[in-house]
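Please read the structure below before turning to the comments.
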Amino acid sequence: MTLTPDELNVLLRLVHITETSEINCDEFLARVSTYLERLVQGNRSPAGFEQVLHHLKICPECREEFEAMLRAHDE
Amino acid sequence: MKTHVPERSNTQWLALLSKAGAEQSDAAQELAAYLRRVLAVMLQHMRVHDDDIEEFAQEALCRIVQQLDTFRDESRFTTWASAIAGRVAFTAIRRRRVREQHDDLFAQAQRTAHEMGQQHDMVERNEYRTRMLAALDQLIRNELTDRQRTVIVAELRGVPTIEIAERLKTNQNALYKLAHDARRKIRSGLIDAGFSATAIRNALGAEDTQ
């Protein structure tokens, strides 16, 4: 058994965007509320949240939770 | 859709929830009601019942009161609380999904990871992108530890991280580090094999990397 070409492609994308230093899911959870509020206020690229944005690209579970939060807080 | 937010300041929330007795109870009930409203919207596309939302809100409330000292006061308290509620709810839903599955996806992923670790050779291919994927496959087989390989395969196969962590007898933060270290090892290996970041980006295509 092996990984399929599709699975390898997904992994290749993740490897390509891997950073030397990344925040984990707990650290993301601690910061996501502030990031979301800046976003909802109209700041599409709030400064100082690059790691939060990066984590959203890496982690599908945190992305799913964030999109759900956006639905609940959209103004 | 705008969810009605209780009108208390962060300072008020922290002060009331830190107390004992009736004041804390009133604030807790108000917060729980807010969390139920937020969760109803957050989970509207999922198969959850009102009982589930009540359970998630109550568990989230417990966590929030326990973790009051971790609130950084950089956002509204209620937004921070809703993030915790979302984490509690989605984790529970993912656990439930694992229990309802007929197949043990983690066990399958672990078998694949183990077998890949036993088979070190790959067939040479000519086409560049296929050679890159073959190199990636080879790195997974030869450069990762068995544990790293298991995490990578399990995550790619959609096993929830809460399940992976429990099956590997670790926590989700340690799991993230395992996966991160594996990705970094693979990236270094691809570069050493002659596949630059530019080459990878070209192979993925411009849209994939935005």
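Structural remarks
- Mean Cβ neighbour count within 10 Å, used as a protection proxy, ranking B:111-117, B:62-68 highest first: B:111-117, B:62-68
- Solvent-accessible area buried by pairing A with B, both sides, nearest 100 square angstrom, 1.4 angstrom probe: 4700 Å²
- Chain A: relative contact order as a whole-number percent, Cα under 8 Å and 6+ apart: 32 percent
- Mean Cα-pair separation over length for chain B, i.e. relative contact order, pairs under 8 Å, 6 or more apart, %: 16 percent
- Alpha-carbon Debye profile of chain A, log10 I(q)/I(0) at 0.23, 0.24 Å⁻¹: -1.07, -1.12
- Within 10 Å of each Cβ in A:58-65, the average number of Cβ atoms from other chains: 5
- Per-residue ellipticity at 222 nm, computed for chain B from helices alone with -39500 (n - 2.57) per DSSP H run of at least four residues, works out to -23000 deg cm²/dmol.
- Peptides B:195-202, B:99-106 ranked from most to least packed, by the mean per-residue count of other Cβ atoms within 10 Å: B:195-202, B:99-106.
- Theoretical FRET efficiency, 1/(1+(r/R0)^6), r = Cβ-Cβ of B:T11 and B:H102, R0 45 Å, to 0.05: 0.35
- Per residue of peptide B:171-184, the mean number of Cβ atoms on other chains within 10 Å of the residue Cβ is 4.
- Pairs of Lys residues in the protein assembly as shown that lie 8 or more places apart, or on two chains, and have C-alpha atoms under 29 angstrom apart add up to 7.
- For the protein assembly as shown, taking a cut-off of 4.7 Å between Cβ atoms, the unpaired cysteines are A:C25, B:C62.
- The fraction of accessible area contributed by carbon and sulfur in chain B is 46 percent, rounded to a whole number (1.4 Å probe; ligands and nucleic acids excluded).
- Share of pairwise Cα separations in the range B:89-197, more than 25 Å, in percent: 27 percent
- Solvent exposure of the protein assembly as shown as accessible area per residue, Å², 1.4 Å probe: 52 Å²
- Cα shape, the range B:10-101, gyration tensor, a/c 1.5 rule: prolate
- The fraction of Cα-Cα pairs per 10 angstrom bin, counted from 0 for the protein assembly as shown, comes to 6, 26, 29, 22, 12, 4, 1, 0 percent, rounded to whole percents.
- Peptide B:42-51 is shielded by partner chain Cβ atoms: per residue, an average of 2 of them sit within 10 Å of its Cβ.
- Listed residues B:A83, B:A174, B:A20, most fluctuating in chain B (Gaussian network, C-alpha, under 10 Å): B:A20
- Separation in nanometres of the label points that stand 7 Å from Cα toward Cβ, at B:H114 and B:D26: 6.0 nm
The values are calculated or read from the model by the stated rules, or taken from the named source; none is laboratory data. Remember, it's a predicted structure, so these values are computed and weren't measured experimentally. Heads up, the Cβs are rebuilt from the backbone with ideal geometry, glycines too, and the neighbour counts pull from every protein chain shown. For the accessible areas, the whole protein counts, side chains as well, though only heavy atoms, and no ligand, DNA or RNA atoms are used. Shrake-Rupley method; radii C 1.70, N 1.55, O 1.52, S 1.80 Å.
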